[in-house]
Amino acid sequence: MTKRCFDGFNNSQKLRVILNGIIIYTTIKGVMFDLFGNTEQRAAVCDALLQLSWAFRNTGSVGVGSNYRGYDIQVDLIT
């Protein structure tokens with residue numbers, strides 16, 4: 001059994017990530033293991049996903065956006 005990277009989301013959950021104006025369609029697994037070669041960018045997107053996980057559980061929010069670690073990031077769930 002594979003462990004979930006973020007509480008409340010399957011690793012196959014589809015996402016739209018906007019990183020400094022560049023749109024990327026991916027999955028949570030893609031963010032964690034496949035997509036970013038720059039660890040600062042990956043860490044910033046993971047920070048946004050942690051906030052989205054909390055917001056989704058508590059308010060039902062399907063997207064968050066802010067500045068994380070110096071990167072403008074927006075993360076939205078795709079249903």
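Contact map, the range 1-26: first residue more than 21 Å from G70 (Cβ to Cβ), second residue assigned to a loop (DSSP other than H, G, I, E, B) and open to solvent by less than 40 Å² (accessible area, probe 1.4 Å), Cβ cut-off under 9 Å, separation 6 or more or different chains; pairs are T2/N11; K3/N11; R4/N11; C5/N11; Q13/F6. Scanning the range 24-50 for residues that are under 15 Å from I78 (Cα atoms), open to solvent by less than 60 Å² (accessible area, probe 1.4 Å) and not hydroxyl-bearing (S, T, Y) returns I24, I28, G30, V31, L49.
Here is a yes/no grid of residues against (1) over 15 Å from N11 (Cα atoms); (2) modelled with pLDDT under 95:
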residue: T39; (1), (2): yes, yes
residue: A48; (1), (2): yes, no
residue: S61; (1), (2): yes, yes
residue: V64; (1), (2): yes, no
residue: Q74; (1), (2): yes, no
residue: L77; (1), (2): no, no
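Total residues in the range 56-73 satisfying the condition of being open to solvent by 70 Å² or more (accessible area, probe 1.4 Å) and either under 19 Å from T2 (Cβ atoms) or assigned to a strand (DSSP E or B) (or both): the figure is 2. Might you check whether a residue that is open to solvent by 30 Å² or more (accessible area, probe 1.4 Å), more than 12 Å from the chain's Cα centre (by Cα) and either aliphatic (A, V, I, L, M) or modelled with pLDDT of 95 or more (or both) occurs anywhere in the range 3-11? No, the range 3-11 contains no residue that is open to solvent by 30 Å² or more (accessible area, probe 1.4 Å), more than 12 Å from the chain's Cα centre (by Cα) and either aliphatic (A, V, I, L, M) or modelled with pLDDT of 95 or more (or both).
Here S53 meets the list (1) part of a helix (DSSP H, G or I); (2) open to solvent by 20 Å² or more (accessible area, probe 1.4 Å) almost entirely, failing just condition (2). Consider the range 21-37 and keep the residues that are closer than 18 Å to K3 by Cα and of a type in the set (A, V, I, L, M). The one that is modelled with the lowest pLDDT is M32. For the range 1-37, the tally of residues that are over 15 Å from Q51 (Cα atoms) and assigned to a loop (DSSP other than H, G, I, E, B) stands at 13.
The values are calculated or read from the model by the stated rules, or taken from the named source; none is laboratory data. Here the structure is a predicted model, which is why all the values come from computation and not from measurement. Positions of Cβ are backbone-derived with ideal geometry, glycine not excepted, and every protein chain shown enters the neighbour counts. Areas reflect the complete protein model, heavy atoms only, side chains present, ligands, DNA and RNA absent. Shrake-Rupley method; radii C 1.70, N 1.55, O 1.52, S 1.80 Å.
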